[in-house]
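The values are calculated or read from the model by the stated rules, or taken from the named source; none is laboratory data. Keep in mind that what you see is a predicted model, and the values were worked out from it rather than measured. When we count neighbours, we look across all protein chains shown, and the Cβ atoms used for this are built from the backbone with ideal geometry, even at glycine. Accessible surface areas use protein heavy atoms only, side chains included; no ligands, DNA or RNA. Shrake-Rupley method; radii C 1.70, N 1.55, O 1.52, S 1.80 Å.
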Amino acid sequence: MSFKAHSPPSTLRDPDAPFLVEFEDDDPRNPINFTPAKKWGITITACGFTGITAAAISSYTMGVPTMVDDLHCSTFLATVGLSVYPIGFALVPLFTSSLSEEFGRFRLYIATIFLFMLTHVMTALAPNIQTVIVARFLSGSFGSTGATLVGGTIADIWKSDERGFPMSLFAIAALGSTGLGPMLAGWIESNYHLGWRWIQWISAIVSGVYFISVLWFLTETRADIILTRLARKIRKMNQDDRYHTKAEIDKPSLTTSIKISCTRPIGLLLTEPTVFSFSLWIGFTWGVLFCFIDSISGEMESIYNFTIGERGTTYICIRSSLPLSSSAFLNTPCSVGSILGWFVNMYQEVLYRKYVATKGPEARLCLALVASFLLPAGMLIYAWTAKASIHWIIPLIGLTIFIIGAFIVYQVVFVYLADCYGPYASSALAGQSMCRNLLGAVFPLFTQHMFDSLTYKWANTLFALISVVMIPIPFILFIYGAAIRKRSKVSRKILALSEGQHAFDEEKADKKG
């Protein structure tokens, strides 16, 4: 058994001083040293959970017509089932982040994926709309792991300069499956013998198959959890309680961890201008995306007389950015989305490496500046070209432009806040996730009334005008981000922690030398 165990230099004379258990530099048990094949297996499998949970958000909407007839409920109550899903995404991660620190990511994956599968069974068997709403909230709660743990898993196994493409896969899974879900669900809904319940049964089956793949491909990736388990084995083997990891020595109680994880994200969201402004921007974008999810089907039916299956297929333009792809029978298939996503990400990485030395974390925002114009442009094209006299492909191009912008912003928010807030990155990201998903939950509740009052054209124009007002956000952060952070108490604390860690690393290097 190979490991490093040393006493802190300041306590070498104390016979009861702990021996710190650490990985050797090339220890294969350290997740950052996993083989490339193992890293990609973990990354793709983890992103699969993101894709399944994202598909479940939007596929639900395609079953609303038969659900309303079957359960004798109003369309508004059925829409509540869409809104409560992201509420679970917003609130539950505040607790699960502490559980992952206590029990590890792998156990949390196993538990939440299994329970996520059961919520689909619960929905499929629901005798009334109230049961559906409860099941959807639970589904979002357990499915939130697919949004919160995956980013951490990627950070566990990839170095900071290697995370660009894995994070783009994460973003593609999150946004792409939002379009893929209703495409498949639309054809299920169109079959008289299937309907909304089979949308849920098929989701449960897919989740069950995925659960098996997780048992096969995933493993624990939190280095501190692996080291803690190793330290326990060493203590037991040597009958010596002095062997500990740094995480064990500094570790607060679970109650304290939960309290911190519930309050710190809210504190950062309300007091940090960087977190607040970016969260407001991505939150509004997410809310509009949910409005589109709720309204595309009705708009395509009322303007272009699409069938339920054709309406579901139009969502494919939400496929991770990306590209416009409509139904094959409408003769306009375009499968350039994944290629476009790849080049967008690759170009952002090139820009980041070019400007990071002078701009720091703000080098992550280069393409976000472009996205700030793509968002309102796409909304306006979608709003003003969706009419019977204009071919349906034109508004879908506008929708695709909007999704490209949303894809860029979604990906940038993770890497930018992580770079800015270091040890507090999880809390900063949890704060933006809460804001983003709460707005995603609220928007669909007024969507239909808004469209009925203003029409699709003017309602989407209103969204575009609000998006125009938000264009300065990435520009202000790009130009003044560093100056804004210098005035932040949190950023000064992060700088002090960074300097302390640097000094500790130098001390270790001198001792090793």
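Observations on the structure shown:
- Of all residues in segment 370-397, those being modelled with pLDDT of 85 or more and more than 23 Å from residue 475 (Cα to Cα) number 5.
- Extreme residue, modelled with the lowest pLDDT, among residues of segment 104-127 that are out of contact with any Phe, Trp or Tyr (no Cβ under 9 Å at 6 or more places or on another chain) and surrounded by 16 or more Cβ atoms within 10 Å (Cβ to Cβ): 104
- Residue in segment 64-71 that is touching a His at 6+ places or on another chain (Cβ under 9 Å), under 22 Å from residue 198 (Cβ atoms), buried (at least 22 other Cβ atoms within 10 Å of the Cβ) and among the hydrophobic types (A, V, I, L, M, F, W, C) present: no
- Note on segment 444-478: residues that are hydrophobic (A, V, I, L, M, F, W, C) and within 22 Å of residue 385 (Cβ to Cβ) amount to 12.
- Checking 126, 78, 135 one by one, the residue that is of a type in the set (A, V, I, L, M) and under 22 Å from the mean Cα position of the chain (by Cα) is 135 and no other.
- The criterion of at least 2 residues that are over 30 Å from residue 128 (Cα atoms) is met, among helices (runs of 4 or more DSSP H) falling completely within segment 42-107, by 93-103.
- Conditions (1) open to solvent by 10 Å² or more (accessible area, probe 1.4 Å); (2) closer than 24 Å to residue 435 by Cα; number of the one not met by residue 130: (2)
- Breaking point among (1) open to solvent by 30 Å² or more (accessible area, probe 1.4 Å); (2) in a helix (DSSP H, G or I), for residue 219: (2)
- Residue that is modelled with the lowest pLDDT [pool: residues in segment 262-301 that are surrounded by 20 or more Cβ atoms within 10 Å (Cβ to Cβ), of a type in the set (Gly, Ala, Ser) and within 30 Å of residue 482 (Cα to Cα)]: 287
- Residue 136 part of a helix (DSSP H, G or I), open to solvent by less than 10 Å² (accessible area, probe 1.4 Å) and modelled with pLDDT of 80 or more: yes
- Of the residues examined, residue 91 is not one that is within 28 Å of residue 430 (Cα to Cα), buried (at least 21 other Cβ atoms within 10 Å of the Cβ), at pLDDT below 90 and out of contact with any Cys (no Cβ under 7 Å at 6 or more places or on another chain).
- For the residues 186, 143, 181, 164, the requirement of being small (Gly, Ala, Ser) and within 13 Å of the chain's Cα centre (by Cα) singles out 143.
- Note on segment 25-40: among residues that are assigned to a helix (DSSP H, G or I) and either open to solvent by 20 Å² or more (accessible area, probe 1.4 Å) or of a type in the set (Phe, Trp, Tyr) (or both), the one that is farthest from residue 130 (Cα to Cα) is 33.
- Contact map, segment 224-239: residues that are within 25 Å of residue 99 (Cβ to Cβ) paired with residues that are polar (S, T, N, Q), Cβ distance under 7 Å, separation 6+ or inter-chain. Pairs shown: 224/245; 227/245; 228/245; 231/245.
- Neighbours by Cβ (under 9 Å, 6+ apart or cross-chain): first from segment 170-198, on the phi > 0 side of the Ramachandran plot; second in a helix (DSSP H, G or I) and open to solvent by less than 60 Å² (accessible area, probe 1.4 Å): 195/66; 195/67; 195/188; 195/189
- Screening residue 192 on (1) open to solvent by 80 Å² or more (accessible area, probe 1.4 Å); (2) closer than 30 Å to residue 82 by Cβ; (3) not in a loop (DSSP other than H, G, I, E, B) shows it passes everything except condition (3).
- Close Cβ contacts (under 6 Å, 6 or more residues apart or on different chains) running from residues in segment 381-408 that are surrounded by fewer than 18 Cβ atoms within 10 Å (Cβ to Cβ) to residues that are assigned to a helix (DSSP H, G or I) comprise 388/303; 394/385.
- Summed over segment 200-216, residues that are touching a residue at least 40 places away in the same chain (Cβ under 8 Å), surrounded by fewer than 15 Cβ atoms within 10 Å (Cβ to Cβ) and under 21 Å from residue 59 (Cβ atoms) total 0.
- Selection status of residue 229, buried (at least 16 other Cβ atoms within 10 Å of the Cβ), modelled with pLDDT of 80 or more and more than 30 Å from residue 188 (Cα to Cα): no
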